[in-house]
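One structure below.
The values are calculated or read from the model by the stated rules, or taken from the named source; none is laboratory data. Since the model is a prediction, treat every value here as computed from it, not as a measurement. Positions of Cβ are generated from backbone atoms using ideal geometry, with glycine treated the same way; all protein chains shown enter the neighbour counts.
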Amino acid sequence: MTTEPTATSGEKQMRLRFDGVCHLCGTVLPAGTQAVYERAARRVRCVSCRPAATPAPAEAAPAWSAPFEQIRTASERALEPVEIDEGTAGASARREYERRRDSREQRNRSNHPKLGGLILALSDEPASTRSWERGAIGEEKLAARLETLPAPARALHDRRIPGTRANIDHIAVANSGVWVIDAKRYKDKRPALHVDGGILRPRVETLKIGGRDGSKLVAGVHKQIALMTHTLDDPGIPVRGALCFLDADWPMIGGSFTVDDIQVLWPRLLLKRIAAAPDAAIDIDAVHARIARAFPVA
């Protein structure tokens, strides 16, 4: 990362390592863009943007708040109408799979000039690499289903969370609210609700997937819900979270459940609930556009 000091000691011009948003004009600044970092406020701005006056140093915001503030700035900016890029489902996961696949191939051919091709042909890809391809396929399948939602519902796919390397798989905006959806493809594994405690001890709910703990998945959706709620800043718009499992071993009867307020279900049932009777009066096009600006394409 290269840096170029500016005239102000509390600032530096740098090439961003992560996506950011100019706090003055609201422009999304992709990773790799030259921008000015304001140390005291822990925020960024365009190189061409200049503050009207130098404010007194503010108390530094905690590091965890950066995504919230960058998202809010972008979502509240009044922009001229533009065409919304709804994103390509699974694009970032597929890029990561291809990067790992190509790196493995180059490494084998470099270490074994004569036998590299044969080694690749006779050996399987690591599970950690295949998981990225499996995830991309799951997102692509779910996106195709979401595109069949009846109007006026609209969807966004593979959205970057500014200030982080994380992304949101799918976002649906409908009369039933804003849905933050994490797509998971666990072939032939059964999601289940495990409950501990009850009468004499506090009730603790845990997601199990094929018998293995899935608590991190639930926590991840809760974080996305918090970011979305902060972005919209409107208590009249319900924000719901869902873990949608594709190709899972769902039982013939029942099977879906809620764990820590996160719905765990399959694609057909997800679409049914998104398209359910309205809970609130929502300007779907305006909310859809606001979210698209706050969470850029990954």
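Using beta carbons and a limit of 9 Å, which pairs, at least six apart or on different chains, have the first residue in the range 145-158 and at positive phi and the second one not aliphatic (A, V, I, L, M)?
Close Cβ pairs (under 9 Å, with a partner that is not aliphatic (A, V, I, L, M)) amount to ASP158/GLY87; ASP158/THR88; ASP158/GLY90; ASP158/SER92; ASP158/GLU139; ASP158/ASN167; ASP158/ASP169; ASP158/HIS170.
Take SER92 and tell me if it is in contact with a strand residue (DSSP E or B) (Cβ under 7 Å, 6 or more places away or on another chain) and either buried (at least 16 other Cβ atoms within 10 Å of the Cβ) or not assigned by TED's automatic domain parsing to the domain that holds GLN263 (or both). Even if it seems obvious, please write down each step before you answer.
Values: in contact with a strand residue (DSSP E or B) (Cβ under 7 Å, 6 or more places away or on another chain): yes; either buried (at least 16 other Cβ atoms within 10 Å of the Cβ) or not assigned by TED's automatic domain parsing to the domain that holds GLN263 (or both): yes.
The answer is yes for SER92.
Scanning the range 239-264 for residues that are touching a strand residue (DSSP E or B) at 6+ places or on another chain (Cβ under 8 Å) and exposed (fewer than 14 other Cβ atoms within 10 Å of the Cβ), which turns out farthest from TRP179 (Cα to Cα)?
Per the criteria, the residue is THR258.
State yes or no: is ALA151 more than 17 Å from GLN263 (Cα to Cα), among the hydrophobic types (A, V, I, L, M, F, W, C) and at pLDDT below 90?
yes
Can you tell me how many residues in the range 122-131 are more than 29 Å from the chain's Cα centre (by Cα) and either of a type outside the set (D, E, K, R) or part of a helix (DSSP H, G or I) (or both)?
So the answer is 2.
Just need a number here: residues in the range 41-66 that are part of a loop (DSSP other than H, G, I, E, B) and at pLDDT 75 or above. It would help to see each step written out before you state the result.
The first filter runs over the range 41-66 and keeps only residues part of a loop (DSSP other than H, G, I, E, B), leaving 41-42, 47-62.
This time we only want the ones that are at pLDDT 75 or above, so: 47-50.
Total satisfying the criteria: 4.
For ARG17, only one of the following conditions fails: (1) modelled with pLDDT under 75; (2) assigned to a loop (DSSP other than H, G, I, E, B); (3) more than 24 Å from the chain's Cα centre (by Cα); (4) not small (Gly, Ala, Ser). What is its number?
Of (1) modelled with pLDDT under 75; (2) assigned to a loop (DSSP other than H, G, I, E, B); (3) more than 24 Å from the chain's Cα centre (by Cα); (4) not small (Gly, Ala, Ser), only one is false for ARG17: (3).
Write out, first by first residue and then by second, each pair whose Cβ atoms fall under 9 Å of each other, whose residues are 6+ apart or on separate chains, and whose first residue, in the range 23-37, is within 12 Å of PRO162 (Cβ to Cβ) and modelled with pLDDT of 80 or more while the second is charged (D, E, K, R) and buried (at least 17 other Cβ atoms within 10 Å of the Cβ).
Cβ pairs passing all conditions: none.
Restricting to strands (runs of 3 or more DSSP E) lying wholly in the range 192-298: which have 2 or more residues that are among the aliphatic types (A, V, I, L, M) and over 30 Å from ILE84 (Cα atoms)? It would help to see each step written out before you state the result.
On the way: elements: 204-209, 239-246, 257-259, 262-265.
By residue number, 204-209.
Which members of the range 229-286 meet the condition of being under 27 Å from ARG134 (Cα atoms) and acidic (Asp, Glu)?
Of the range 229-286, the ones under 27 Å from ARG134 (Cα atoms) are 240-274.
Scanning the range 229-286 gives ASP247, ASP249, ASP260, ASP261.
This table checks each residue for (1) part of a loop (DSSP other than H, G, I, E, B); (2) within 13 Å of the chain's Cα centre (by Cα); (3) outside the structural domain of TYR186 (by TED's automatic domain parsing).
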| position | (1), (2), (3) |
| --- | --- |
| GLN106 | no, no, yes |
| SER110 | no, no, yes |
| LEU120 | no, no, yes |
| GLU133 | no, no, yes |
| ILE137 | no, no, yes |
| ALA151 | yes, no, no |
| ARG159 | no, yes, no |
| ILE168 | no, yes, no |
